[in-house]
1. Which residues, taken from the stretch 14-29, are open to solvent by less than 90 Å² (accessible area, probe 1.4 Å) and within 28 Å of Leu58 (Cβ to Cβ)?
2. What are the residues in the stretch 1-56 that are among the hydroxyl-bearing types (Ser, Thr, Tyr) and more than 10 Å from the chain's Cα centre (by Cα), if any?
3. Among the residues that make up the stretch 77-88, is at least one of them closer than 25 Å to Ile36 by Cβ, at pLDDT 80 or above and not hydroxyl-bearing (Ser, Thr, Tyr)?
4. Kindly establish whether Leu11 is assigned to a helix (DSSP H, G or I), farther than 30 Å from Val89 by Cβ and either open to solvent by 90 Å² or more (accessible area, probe 1.4 Å) or at pLDDT below 90 (or both).
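The values are calculated or read from the model by the stated rules, or taken from the named source; none is laboratory data. Bear in mind that the values here come from a model prediction, so they are computed numbers and not experimental data. Neighbour counts run over all protein chains shown; Cβ positions are idealised from the backbone, glycine included. Areas reflect the complete protein model, heavy atoms only, side chains present, ligands, DNA and RNA absent. Shrake-Rupley method; radii C 1.70, N 1.55, O 1.52, S 1.80 Å.
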Amino acid sequence: MDILSYIWTVLSFFLSVVWTVVWFVLRDLISTVLWILIVAWMLLSVRYRSFTGGTLALLRYGRWAVNLFWRWLRGTPNPALPPPPPPKVITKEVIKVVGKRRKRFGTMNVSEQLNVLLLGAIWLLFVI
């Protein structure tokens, strides 16, 4: 019975060492992927000017990337997948533009100011 306990001790030691190395690599990969997703979501939210639009774009591009990765993993040839199409905008009303009103130079609306603040915060994340 002692030989079985020695074998179990050695086996559990080696398995714990292997699991520690695997978890060390997986932890860093998961953290990196989550940060990439957060930054991509913020950039797409700025691009589409809403958090829901950014989320939908992130899901659309993410599905395209997972499909591309899955094809690469299986080794199937890539039939030149085009990027996903832009979202379709459905308008229910017709707006007639009578004249073009010019803004004074140097004025910004609140949305543009928030976009600039968000880009500045992202820039500070990379600098600091």
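1. Once the filter is applied, which keeps residues that are open to solvent by less than 90 Å² (accessible area, probe 1.4 Å) and within 28 Å of Leu58 (Cβ to Cβ), the stretch 14-29 yields Val25, Leu26, Asp28.
2. Let us first name the residues in the stretch 1-56 that are among the hydroxyl-bearing types (Ser, Thr, Tyr), namely 5-6, 9, 12, 16, 20, 31-32, 45, 48, 50, 52, 55.
Those that are among the hydroxyl-bearing types (Ser, Thr, Tyr) and more than 10 Å from the chain's Cα centre (by Cα): Ser5, Tyr6, Thr9, Ser12, Ser16, Thr20, Ser31, Thr32, Ser45, Tyr48, Ser50, Thr52.
3. No, the stretch 77-88 has no match at all.
4. Against the criterion (assigned to a helix (DSSP H, G or I), farther than 30 Å from Val89 by Cβ and either open to solvent by 90 Å² or more (accessible area, probe 1.4 Å) or at pLDDT below 90 (or both)), Leu11 does not qualify.
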